[in-house]
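Notes for the one structure printed next.
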Amino acid sequence: MNPNKFPNLILIGFFLVLIGVILPLLMVVQIIKSTFFLNFFSYGSSVLGLLLGLIGAAYHVRMNRGKDLRAEERDALKNKRQD
């Protein structure tokens, strides 16, 4: 997977979670009518957003692991993984 797409996953996840928070709030204050479909849509968007955000963050950490290490530490880490 392209490493440039991981920030996009995190942003999409953030907006889905935001929708999952705003829709129930609007239903509680009765600005929009609470329907069965809308309730499940807000729940699903919240769960999907959380999942996409976690996947994006995990891949971001995986791709950037070891970039902040010095050369000796990086070589020691490579040798340790090869064993």
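The values are calculated or read from the model by the stated rules, or taken from the named source; none is laboratory data. No experiment lies behind these values; they were computed from the predicted model shown. Positions of Cβ are backbone-derived with ideal geometry, glycine not excepted, and every protein chain shown enters the neighbour counts.
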**Item:** Failed item, numbered, when A71 is tested on (1) exposed (fewer than 11 other Cβ atoms within 10 Å of the Cβ); (2) modelled with pLDDT of 95 or more; (3) among the aliphatic types (A, V, I, L, M)
**Value:** (2)
**Asked** Looking at segment 38-54, which of the residues that are hydrophobic (A, V, I, L, M, F, W, C) and surrounded by fewer than 15 Cβ atoms within 10 Å (Cβ to Cβ) is farthest from I22 (Cα to Cα)?
**Response** L54
**Selection count, segment 2-48, where residues are outside any helix (DSSP H, G or I) and more than 30 Å from M63 (Cβ to Cβ)** = 7
